[in-house]
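The values are calculated or read from the model by the stated rules, or taken from the named source; none is laboratory data. The shown structure was predicted, so the numbers you read here are calculated from the model rather than taken from an experiment. We place every Cβ from the backbone using ideal geometry, glycine too, and count neighbours over all the protein chains shown. Only protein heavy atoms, including side chains, enter the accessible area calculation; ligands, DNA and RNA are left aside. Shrake-Rupley method; radii C 1.70, N 1.55, O 1.52, S 1.80 Å.
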Amino acid sequence: MTQNKKQTSDEIASLAATILQDPKSTPPGNELAGSALDQSRPHDGGTNQDQTSNEIASLASKVLQDPKSTQTERELAGSVLAQSGSH
């Protein structure tokens, strides 16, 4: 897997936090939100080298292909896929 130094934007991190607090969010949405937050900038202002795992990348791909996925789930899926080291 190639190294990818991209990080979750503040906008996506905020969206992910909202998803995790919503009791109606779906399990895939929660997993993608957790992954996106894991790849966000640390509070100390440093950098985060975490990348999307193959398992989460596969989930994100399925979410993008599922017509029942919400716009929010699609945004999170796109974000975590952009941070995978496989492209």
ask   = Hey, among the residues in the range 42-59 that are open to solvent by 50 Å² or more (accessible area, probe 1.4 Å), of a type outside the set (Asp, Glu) and outside any loop (DSSP other than H, G, I, E, B), which one's modelled with the lowest pLDDT?
value = 54
Matching residues in the range 26-41 - criterion: being of a type outside the set (Gly, Ala, Ser) and over 12 Å from residue 52 (Cα atoms) = 26, 27, 28, 30, 41
key: Filtered residue count, the range 21-37, keeping only those that are surrounded by 14 or more Cβ atoms within 10 Å (Cβ to Cβ) and outside any loop (DSSP other than H, G, I, E, B)   = 10
request  = Being assigned to a loop (DSSP other than H, G, I, E, B) and under 20 Å from residue 38 (Cα atoms) is the filter; apply it to the range 60-87 and report the residue that is modelled with the highest pLDDT.
outcome  = 83
request  = Search the range 1-20 for residues being in a helix (DSSP H, G or I) and either open to solvent by 60 Å² or more (accessible area, probe 1.4 Å) or of a type in the set (S, T, N, Q) (or both), and hand back the single one that is modelled with the lowest pLDDT.
outcome  = 10
